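Here the structure is laid out as structure tokens; the discussion comes afterwards.
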Amino acid sequence: MTTPVVLDPPATGGFSFTSDFLREIAADVLGHASRLGASGGETEVTEGIGQTVTVRRGEVETIEYNRDKGVGVTVYLGRKRGHASTSDFAPEALRRTVEAALAIARYTASDDCAGLADADVLATEFPDLQLYHPWQLSVEQGIELARSCEAAALAVDPRLTNSEGTSVATYQYQFAYANSHGFAGGYSSTQHSIYCAVIGEDDEGMQRDDWYAIARDPGDLEDPVAVGQKAGRRCAARLGARRIATTQVPILFEAPIAASLIGHFVTGVSGANLYRRSSFLVDSVGQRVFAPIVQLHERPFLPKGLRSAPFDDEGVATHNREVVANGVVGGYFLSSYSARKLGLKSTGNAGGNHNLILDSTGEDLQALLARMGAGLLVTDLLGHGVNNVTGDYSRGAAGFWVENGEIQYPVQEITIAGNLKDMFRGIVAVGTDIVIRGARQCGSILVDRMTVAGE
């Protein structure tokens, strides 16, 4: 039996409820489930508060404020599982929710792999990951920040004539999770962002581009003026874009979209796709899937990390892991259920991966362009043409044609195609230009050769 442990938020902040109250609800829910005959159960009690201000062409377009709360209850009758949820914290509503989950479980087929996470893998250590940094941002301050960001974008070039809007958002969240193994834990976190998108026009037509910044701590956010200037420069650079002839060339994925390649790998080695054998990376542990230069680490304990966590959605302890070493896959991403289906142990990834970091090979973006020589720098991807079963990859793209290591002109209305297995093995360099926006962190990625379909 795991000793109950609770992680307290540093302060109540703008929350309507204390962390103690959320823990009490979790305990009451589990107690009611046990009294009604559940052999096991787990619950998560959450509260979130958010504010978003959007400005377009200097005028306030929307002001959004949200305050959400909820309780999710999962109960087990042996190997039968039932789940129900409510947004009502009243005792009667909580009892009805537990009863609804039990009613569902009674009519559900038994599944040998269903059940709580094993008690021996639940978290027992809870480092301070510095995830809670509330931003006391008034609506008026948010409006001024958004206006300064948009103005900086439009001032970059007189051809930037319109805006899709600039948003400044702040969000804080707290939760309590508990299960009938005796585990109890929870913490508070924050996330803040600035987003800007502008439109440019010349004789060749219209283009749009954007930039955004995101951080746990508002003090770590990129300056709003800098965000706007980047959005403006990116949009202006795309004006005059043209198509190119169909060819096969090296492809350099710019950092903001390069992380999507890591995302396709994560999808391929995630539990549900593996036990269903609907992945191009089935049985890939111990196999060289990437080029030998690829080193991919999972680091759940990064201070202020956007996906840092001491435990996953089931209370399973997270761990630092070498997911790929010298191109060889070292592990999957498994919940308790998918791990049992595969005859393995949970990796602490119920709910997703935690701060995947792809090591750079030491070159900045200009050095990567020089190494590529001639090819395509891709800055935008369109569509969802990725087949997770076969690894076939085909997506609309835009970017810049490169010759002699220098950008020559913008490119649009093309498709890049290949197979993810070949693309992973064909990675020849990873840049130092890391952009941190989510669960995966990497610089620009240079792939040796792909097909570009154009004219």
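What follows draws every value from the coordinates through simple rules; no lab data is involved. Bear in mind the structure is a predicted one, so any value in this text is a computation, not a measurement. Ideal geometry is used to build each Cβ from the backbone, glycine not excepted, and the neighbour counts take in all protein chains shown.
Annotations for the structure displayed:
- Considering only alpha-carbon pairs that sit under 8 angstrom and 6 or more positions apart, the relative contact order computed for segment 257-341 is 34 percent.
- Fully extended contour minus Cα-Cα distance, from Thr432 to His319, at 0.36 nm per residue: 38.2 nm
- Amide N proximity, segment 438-455 versus Ala417 label position 7 Å along Cα-to-Cβ, cut-off under 14 Å: 450-455
- Using C-alpha pairs under 8 Å with a sequence gap of at least 6, the mean separation divided by the residue count of the chain gives a relative contact order of 15 percent.
- Summary of packing: across the peptides 96-102, 321-327, 311-317, the per-residue average of other C-beta atoms within 10 Å ranks them, highest first, as 311-317, 96-102, 321-327.
- Built amide H within the under 5 Å cut-off of Gly327, gap 5+: Val294
- With the simple model of a label 7 Å out from the Cα in the direction of the Cβ, Leu137 to Ala370 spans 3.9 nm.
- Rounded Å value of the spacing that divides the Cα centres of segment 211-286 and segment 107-158: 19 Å
- Using θ = phi - 60° in the Karplus curve 6.51 cos²θ - 1.76 cosθ + 1.60, the 3J(HN,Hα) couplings for segment 345-351 round to 9, 4, 9, x, 10, 5, x Hz; x is entered for Gly and Pro.
- In this simple spin-label approximation, Asn326 and Val282 carry label points 7 Å from Cα along the Cα→Cβ vector, and these lie 2.9 nm apart.
- Per-pair calculated FRET efficiency, R0 = 41 Å: Asp120 and Leu36 via Cβ, rounded to 0.05: 0.90
- Working from Cα pairs under 8 Å separated by at least six residues, relative contact order for segment 49-180 is 32 percent.
- The order of the peptides 300-309, 387-396 by mean Cβ neighbours within 10 Å, most packed first, is 300-309, 387-396.
- Difference of contour (0.36 nm per residue) and Cα-Cα distance, Ala103 to Phe17: 28.0 nm
- With a cut-off of 20 Å on the backbone N, the residues of segment 32-58 near the modelled label site 7 Å out from Thr161 along Cα-Cβ are 56-58.
- The residue list Ser346, Gly383, Ala367 was ranked by how far each Cα lies along the charge dipole of segment 326-455 toward its positive end, using unit charges on Cβ atoms, and Ser346 comes out on top.
- Spin-label model distance (nm) - Arg233 vs Tyr65, 7 Å beyond Cα toward Cβ: 3.7 nm
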